[in-house]
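Quick notes on the structure that follows.
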Amino acid sequence: MIWADAQGCRVVDADGREYLDLSGGFGVAALGHRNPQVLEAWREQRVVHALGDLAEAEVTVELRRRLPWPAKLGVTGEDAVEIALRTALIATGKPGILAFEGAYHGTGLLALAATSIDAFRLPFRTWLPGPVYRRRFGDDPGTLPARCGCVIVEPVQARGGAQVPSPDFLRVLRRRCTARGALLIVDAIYAGLGRTGELWPGAEYADVLVVGKALGHGLPISAALFCREQLEQVWELGQEDVYTHTHTGSPLASAAALVVLEEVPKLLERVQQAGERFELEGWHGKGLLRAREGELTITDAELDEAFSLL
């Protein structure tokens, strides 16, 4: 399928056929494709140059003010995961990562080590850092290994089939991390910013909360949010920023992120209500992050009803 046009939740291919985009642009378009407010923010943003900078643009400074915790910005979700995992390395001095079956955290080396999916891992398994301790998603991992510096977890697994753990799962992980002196990293790149009906899922338990995808609404920006007081200070390692990219803190992406932070909270109740329609046998997930086991058959009448609700 080749996209020729997109508006809201509808996509048109090169042959003029219209589709309903149930993925939200793979989790990016939280406010719909070509959202007018996002487009207007891009138009209004004065771009002297397209780069991030050590002296951040005013719009990026404003974004930092609007985020609920101190942040180290990235370009992609994977960047933010790498930042979070490196934060654990610096803060604890321990190289071990406890991660879960079914997890996807990105394809950078630290992120890939935590990722469970063999299609991504196996070509590079010889060079992956570690140790990595793999546990079943949703289970109490027990006492953390002595070399474990962090636990990384998705509040709802996305690629893992929209799996939702028990309500106590993150609380148990918080207790295990505190007992070992490890950091709890909550990867909310897919589940956060409204997709599951919450803005910051898991934040009350996290040391570091990772967000991306919908944050830039189509432009590359992500953030590792330091929920624990003063944790960001571990990155004060000298005058040179030891983890950065050319486009970190892009003014255009920051402008889009400000719109997302303003508008998505207005939609959370609607997402929660819409998600209740999928509380059916064979379906997994929370809010509008959903998956279904087996073959999915939809009648024309059901499809017409779905379109009428949009």
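The values are calculated or read from the model by the stated rules, or taken from the named source; none is laboratory data. What you see is a predicted model; the values in this text were computed from it and never measured. Cβ coordinates were reconstructed from backbone atoms using ideal geometry, including for glycine residues, and neighbour counts include every protein chain displayed.
Go through the residues of region 126-147 one by one and say whether even a single one is of a type in the set (A, V, I, L, M, F, W, C), touching a Ser or Thr at 6+ places or on another chain (Cβ under 9 Å), outside any loop (DSSP other than H, G, I, E, B) and on the phi < 0 side of the Ramachandran plot.
Looking through region 126-147, none of the residues is of a type in the set (A, V, I, L, M, F, W, C), touching a Ser or Thr at 6+ places or on another chain (Cβ under 9 Å), outside any loop (DSSP other than H, G, I, E, B) and on the phi < 0 side of the Ramachandran plot.
Is there a residue being in contact with a His (Cβ under 8 Å, 6 or more places away or on another chain) and not in a helix (DSSP H, G or I) anywhere in region 245-257?
no
Report whether or not G138 is in contact with a His (Cβ under 9 Å, 6 or more places away or on another chain) and surrounded by fewer than 20 Cβ atoms within 10 Å (Cβ to Cβ). Step through it out loud before you land on a result.
Details: in contact with a His (Cβ under 9 Å, 6 or more places away or on another chain): no; surrounded by fewer than 20 Cβ atoms within 10 Å (Cβ to Cβ): yes.
Considered against the rule, which asks whether it is in contact with a His (Cβ under 9 Å, 6 or more places away or on another chain) and surrounded by fewer than 20 Cβ atoms within 10 Å (Cβ to Cβ), G138 comes out as no.
Against the condition of a type outside the set (V, I, T) and in a strand (DSSP E or B), how does L170 come out, does it pass?
When the stated conditions are applied, L170 does not pass them.
Select from region 258-277 the residues that are exposed (fewer than 12 other Cβ atoms within 10 Å of the Cβ) and either modelled with pLDDT of 95 or more or within 23 Å of E44 (Cα to Cα) (or both) and list them in ascending order.
Listed by number, the residues that qualify are K266, E269.
Name the one entry in A71, A99 that is of a type outside the set (K, R) and over 30 Å from E240 (Cα atoms).
A99
Got a number for residues in region 236-257 being in contact with a strand residue (DSSP E or B) (Cβ under 8 Å, 6 or more places away or on another chain) and either buried (at least 19 other Cβ atoms within 10 Å of the Cβ) or not assigned by TED's automatic domain parsing to the domain that holds A188 (or both)?
Residues in region 236-257 being in contact with a strand residue (DSSP E or B) (Cβ under 8 Å, 6 or more places away or on another chain) and either buried (at least 19 other Cβ atoms within 10 Å of the Cβ) or not assigned by TED's automatic domain parsing to the domain that holds A188 (or both): 2 in total.
Could you go through region 190-201 and let me know if any residue there is polar (S, T, N, Q) and modelled with pLDDT under 95. Walk me through it before giving the result.
Initial filter on region 190-201 (polar (S, T, N, Q)): 196.
Subset that is modelled with pLDDT under 95: none.
So far as region 190-201 goes, no, none of its residues is polar (S, T, N, Q) and modelled with pLDDT under 95.
Residue-by-condition table, conditions (1) under 19 Å from the mean Cα position of the chain (by Cα); (2) closer than 30 Å to A41 by Cα; (3) of a type in the set (F, W, Y):
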position: T143; (1), (2), (3): no, no, no
position: R175; (1), (2), (3): no, no, no
position: T178; (1), (2), (3): no, no, no
position: I221; (1), (2), (3): yes, yes, no
position: F226; (1), (2), (3): yes, yes, yes
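Count, please, the residues in region 153-189 that happen to be touching a residue at least 40 places away in the same chain (Cβ under 8 Å) and over 16 Å from T115 (Cα atoms). Walk me through it before giving the result.
Start the filter on region 153-189 by keeping residues that are touching a residue at least 40 places away in the same chain (Cβ under 8 Å), which leaves 153-164, 181-183, 185, 187, 189.
Imposing the further condition that a residue be over 16 Å from T115 (Cα atoms) reduces the set to 164, 181-183.
Summing the residues that are touching a residue at least 40 places away in the same chain (Cβ under 8 Å) and over 16 Å from T115 (Cα atoms) in region 153-189 gives 4.
Just give me the residues in region 230-265 being under 16 Å from E58 (Cβ atoms) and without any contact (Cβ under 8 Å) to a residue 40 or more places away in the chain, in sequence order.
The one that is under 16 Å from E58 (Cβ atoms) and without any contact (Cβ under 8 Å) to a residue 40 or more places away in the chain: A253.
If we scan region 167-187, do we find a residue that is assigned by TED's automatic domain parsing to the domain that holds F100, within 30 Å of E269 (Cβ to Cβ) and among the small types (G, A, S)?
No: region 167-187 contains no residue that is assigned by TED's automatic domain parsing to the domain that holds F100, within 30 Å of E269 (Cβ to Cβ) and among the small types (G, A, S).
Just the residues that are at pLDDT 90 or above and touching a helix residue (DSSP H, G or I) at 6+ places or on another chain (Cβ under 8 Å), please, taken from region 233-247.
Those that are at pLDDT 90 or above and touching a helix residue (DSSP H, G or I) at 6+ places or on another chain (Cβ under 8 Å): V234, W235.
Test of understanding: among L261, L184, which residue is under 16 Å from L31 (Cα atoms) and either touching a His at 6+ places or on another chain (Cβ under 7 Å) or not β-branched (V, I, T) (or both)?
Exactly one residue qualifies, and that residue is L261.
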